[in-house]
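The values are calculated or read from the model by the stated rules, or taken from the named source; none is laboratory data. On a predicted model such as this, the values are computed, not experimentally measured, just so you know. Heads up, the Cβs are rebuilt from the backbone with ideal geometry, glycines too, and the neighbour counts pull from every protein chain shown.
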Amino acid sequence: MIKFAIKRILVSIPTLLAIITLVFFLVHMTPGNPFDGERALSAEALKSLMAQYRLDLPLWQQYIMYLNDLIHGNFGISMKYLGQSINSLLFPDNMGGFWVTLRISIYTMSVAVPIGILLGAYAGLHKNSWFDKMVVSGNIFFTAVPTMVTGPLAVLIFAVTLRVFPAGGWGDGDFMHLFLPVVVLILAYAPTIAFVMRGSIIEVLSSNYIRTAKAKGLPTKTILFKHAIKPALLPVISLLGPMFAGVLVGAVVTEQIFTLPGLGVLTTNAATNRDYNMIMAITILGSTLTIVFNIIVDLLYILLDPKIKQ
Amino acid sequence: MKQKYIISLLALIIGSGILVACSKSNHEQAQVKPQSSDTINVDLGSDVPTIDPALTQDVTSARVIYDLFSPLVDFNQNNQPIPGIAQKWSVSKDGKVYTFHLRKGLKFSDGSPITAEDIVFTWQRLADPKVSSPYNILVSNIVNGQAIIDGKAKVETLGVTALDKQTIQITLEHPDTAFIQICTQPNVGIVSKANLTKFGNQWTNPDHMVTSGAYTIKEWVVQGHMLLTKNPNYYDANNVKIKNVNFLPLVDTNASLSQYDTNGVDITYSIPVDQYKDIQQRLGKQLHQFPLEAMSFYDFNMVLPQYANNKNLRQALSMAVDREVIVKHILGQGQTALYSYVTPTIEDGKFAGLGYSWAKLPRAQQLAMAKDLFAKAGYSESHPLEIAISYNTNDGNKKIAIAAMWQETFGTQSIKVTQSNQEWKTFLQDRKKADYDIARDGWNADYNSVNTYTMLYYCKSPQNNSKYCNYEYNKLIDKAQNTNNPEERIKLIRQALQLAQDDYAIIPLYQYTWHRLVNPRVKGYDADHNYFDHVQSKWYKF
């Protein structure tokens, strides 16, 4: 297994390098300059800025220097927040940037995953019951009604009308400020988990070896917990890797609605402002997270499914 | 049995999930924040890109910098200059030499003295090409200013000198009646030479920053909040009433409104315009409306011969736009239609009444004239005009309306309009390169001087997006700049503007209006008459 893990990590390095290269050239090819604004810069001032950010060099040279910085763990200087390093913007000493998003994602997933699995499992075991129908329609409902709708609705009901929670902001990351955004995210992710779990349980229960177990007269509890749960979890686990990475870099809308100082807002700002270094850093962070979670998922797979080990 | 088991497990997990979420928090029943009596929450509308005075070019940064850095000359709520770091000043007879006398005992927030040397350093820094200030134009009229900006002279040669520890002298190339206004700009907020030298480009870090203004920075979570606290060493600290200012960057106006409704924000930046009528009804006097010293217009690309060589066409297109319909029915939030190349409010109305004479004619007559000009321009059903409007995504319905107005006036067979929607930076780049037919444009005046508008039409000015060039206009503006006689200056500039206006290089549309919600507990802030929206937190009281 360790051998497998090392192999996967080694394979991911060229993948990451390919992503970095592609994004680097794409970003620099996009029309528009980070320093274009309503007020035009004087020629000398622009020249000096371009030199400060090495944008006056040929692209290949910029690329090599960028890789060199990256090896030293340096993401460069932001072009929107002039003079501030990307490292300090993404990973600030105080709360903000990645830390905000990480905290929200952990809270979201630590509630959404168990709830999703349990609801799905229960619905799958009682296929076609009223509970099952509720889970299925709940999934359809929350897939059709995105956070763009549930977010403002939650603000309207719980903040503006009932005044139970603040309408937005980070506070000091306290419970009251995080409750609504986390609930909105749970509503977005838990139904999908439940739906996959439900389908998987139904499939496993109708498989031959479960029928054999039943025929042997094993008690339902044993069948369920010893033979059915483990294989039924496999599709859910493969879903969770990209999902967690997705929450980490993709809670853009939720962050905007609840005005949280996380990665989401940094991402949209970076793109609209052509903050090359920030776009690169966020892409690298996102890809690394996706790769890491996929490796973790693969390892879990091995633990749960001995077939894959071979 | 099985059901019970699963349900109790479910309850256990939900419960523990909530406990996990709670465990890291200090959750006294926070609920809706009670309003703090020593902190005011102000929405900035977007995040602050920089708090370095020399580097700022946007209104958000400027708003914060007014609180952090005092310039030589302060300003009041009517945008009139008043003594600041300089207690008094005098101007030489030829209008070129300004002498400023500093207050006694001035201190930065760390207690170190503010000296004449810091002031010279602040101005030199703005000119220095290595600093790359987007607003170095402010020093271009100071002796050697332009040469320094162009990298042809040393920074030390700038015409800003310390005569002694208390006196600063600034020498201009040409007399400029607006120069005192320039001295109030955020870009010349006084910075500490010692502090900048010590920390280099890390000086804006809240842990290092030393300020000269009414407030000093305590915390800055990028995209989160910026907390300012009163600077006890500020020269007018006794009159600064509110201890802390908490700035929030609420980009989404709906989020801002929700925060306002729940006391999370005392002053919004703007409002969701689609809810204008509802807010007006619901919040009444808490909603403030003021004309902004800014204009919206469309540029003709004067590099293209089909526009440059056809004044009849430009005039016809300009006349066919029904500005009254745009401001009353399409926008409908109190904007005023514009028929001139500057707003009627600039310099307290000295340039009002310029406008097109045809604007006073009945609409039917205007349209008849427009049709006539269009035909004279050589376009008809057999030879239709093909034209593209370039705009950026935020432009709303305006361009649709303008296209419809043209087609209604000249006939759909005679004019074919395409609309090209571009993302902001791409749009800016194309407009700068004159890669468009007709492009959306807008301009916010920086200070109360017509100069901030006249450069929009000045040949070779980087702000001249239509690339319009009439040397007669340049000559008149240059002449106005060199005269020391205020009446003569106004006369010359009016003449120049009339000339440019009759050349129809742009289509002026309207003067902007701004809306803001102010909680009734905030006193001392006049949100109805500040045309430039230059605001300082030291005016607020509870």
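Observations on the model:
- If the condition is being away from every other protein chain (no Cβ under 12 Å), surrounded by 15 or more Cβ atoms within 10 Å (Cβ to Cβ) and either out of contact with any helix residue (DSSP H, G or I) (no Cβ under 7 Å at 6 or more places or on another chain) or assigned to a helix (DSSP H, G or I) (or both), then region B:184-208 contributes B:Thr184, B:Pro186, B:Val188, B:Lys193, B:Ala194, B:Asn195.
- Verdict on B:Asp528 being surrounded by fewer than 18 Cβ atoms within 10 Å (Cβ to Cβ), outside any strand (DSSP E or B), charged (D, E, K, R) and in contact (Cβ under 8 Å) with a residue 24 or more places away in the chain: yes
- Looking only at residues of region A:121-179 that are more than 10 Å from chain B (Cβ to nearest Cβ) and polar (S, T, N, Q), we find that the one that is surrounded by the most Cβ atoms within 10 Å (Cβ to Cβ) is A:Thr147.
- Among the helices (runs of 4 or more DSSP H) confined to region B:270-352, the ones with at least 1 residues that are outside the structural domain of B:Leu385 (by TED's automatic domain parsing) are located at B:276-283.
Each row is one residue, and each column tells you yes or no for (1) modelled with pLDDT of 90 or more; (2) in the same structural domain as A:Pro242 (by TED's automatic domain parsing); (3) buried (at least 20 other Cβ atoms within 10 Å of the Cβ); (4) assigned to a loop (DSSP other than H, G, I, E, B).
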{"site": "A:His28", "(1), (2), (3), (4)": "no, no, no, no"}
{"site": "A:Pro34", "(1), (2), (3), (4)": "no, no, yes, yes"}
{"site": "A:Ala51", "(1), (2), (3), (4)": "no, no, no, no"}
{"site": "A:Gln62", "(1), (2), (3), (4)": "yes, no, no, no"}
{"site": "A:Asp69", "(1), (2), (3), (4)": "yes, no, no, no"}
{"site": "A:Phe75", "(1), (2), (3), (4)": "yes, no, yes, yes"}
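- Taking the criterion of being farther than 23 Å from B:Lys107 by Cα and either touching a strand residue (DSSP E or B) at 6+ places or on another chain (Cβ under 6 Å) or aromatic (Phe, Trp, Tyr) (or both), the only residue of region B:49-90 that qualifies is B:Ser90.
- Some residue of region B:283-295 being surrounded by 18 or more Cβ atoms within 10 Å (Cβ to Cβ) and either under 30 Å from B:Gln413 (Cβ atoms) or in contact with a Cys (Cβ under 9 Å, 6 or more places away or on another chain) (or both): no
- Residues of region A:84-113 that are under 13 Å from the mean Cα position of the chain (by Cα), more than 10 Å from chain B (Cβ to nearest Cβ) and of a type in the set (S, T, N, Q): A:Thr101, A:Ser105.
- Single residue of region B:81-140 satisfying the filter (β-branched (Val, Ile, Thr), within 14 Å of chain A (Cβ to nearest Cβ) and without any contact (Cβ under 8 Å) to a residue 40 or more places away in the chain) that is farthest from A:Lys47 (Cα to Cα): B:Val139
- Any hit, region B:424-436, residues being of a type in the set (Phe, Trp, Tyr), surrounded by fewer than 21 Cβ atoms within 10 Å (Cβ to Cβ) and within 14 Å of chain A (Cβ to nearest Cβ): yes
- Within region B:145-155, the presence of a residue that is crowded, with 19+ Cβ neighbours inside 10 Å and either more than 14 Å from every other protein chain (Cβ to nearest Cβ) or polar (S, T, N, Q) (or both) is excluded.
- Residue among B:Thr197, B:Thr171, B:Thr211 that is under 30 Å from B:Thr483 (Cβ atoms) and either hydroxyl-bearing (Ser, Thr, Tyr) or not assigned by TED's automatic domain parsing to the domain that holds B:Glu156 (or both): B:Thr171
- Residue within region B:148-160 that is free of Cβ contacts under 8 Å to residues at least 12 places away in the same chain, touching a helix residue (DSSP H, G or I) at 6+ places or on another chain (Cβ under 8 Å) and among the small types (Gly, Ala, Ser) present: yes
- Unique match (being within 12 Å of chain B (Cβ to nearest Cβ) and of a type in the set (A, V, I, L, M)) among A:Ile71, A:Ile77, A:Ile64: A:Ile77
- Only one of A:Pro166, A:Pro191 that is within 18 Å of the chain's Cα centre (by Cα) and either β-branched (Val, Ile, Thr) or at negative phi (or both): A:Pro191
- Subset of region B:454-483 that is surrounded by 22 or more Cβ atoms within 10 Å (Cβ to Cβ) and out of contact with any helix residue (DSSP H, G or I) (no Cβ under 6 Å at 6 or more places or on another chain) - its residue that is nearest to B:Pro175 (Cα to Cα): B:Leu456
- Annotation note: of B:Ala359, B:Ala308, the sole residue that is closer than 22 Å to B:Met405 by Cβ, surrounded by fewer than 18 Cβ atoms within 10 Å (Cβ to Cβ) and of a type outside the set (D, E, K, R) is B:Ala359.
- Residue list for region B:234-275, filter: more than 9 Å from chain A (Cβ to nearest Cβ), crowded, with 19+ Cβ neighbours inside 10 Å, among the polar types (S, T, N, Q) and touching a helix residue (DSSP H, G or I) at 6+ places or on another chain (Cβ under 7 Å): B:Thr268
- Residue pairs meeting the criteria (Cβ under 6 Å; at least 6 apart or on separate chains; first in contact (Cβ under 8 Å) with a residue 12 or more places away in the chain and farther than 18 Å from A:Gly120 by Cβ, in region A:213-237; second surrounded by 17 or more Cβ atoms within 10 Å (Cβ to Cβ) and of a type outside the set (D, E, K, R)): A:Ala213/A:Ile223; A:Ala213/A:His227
- Condition met for B:Asp278 (away from chain A (no Cβ under 12 Å) and surrounded by fewer than 22 Cβ atoms within 10 Å (Cβ to Cβ)): yes
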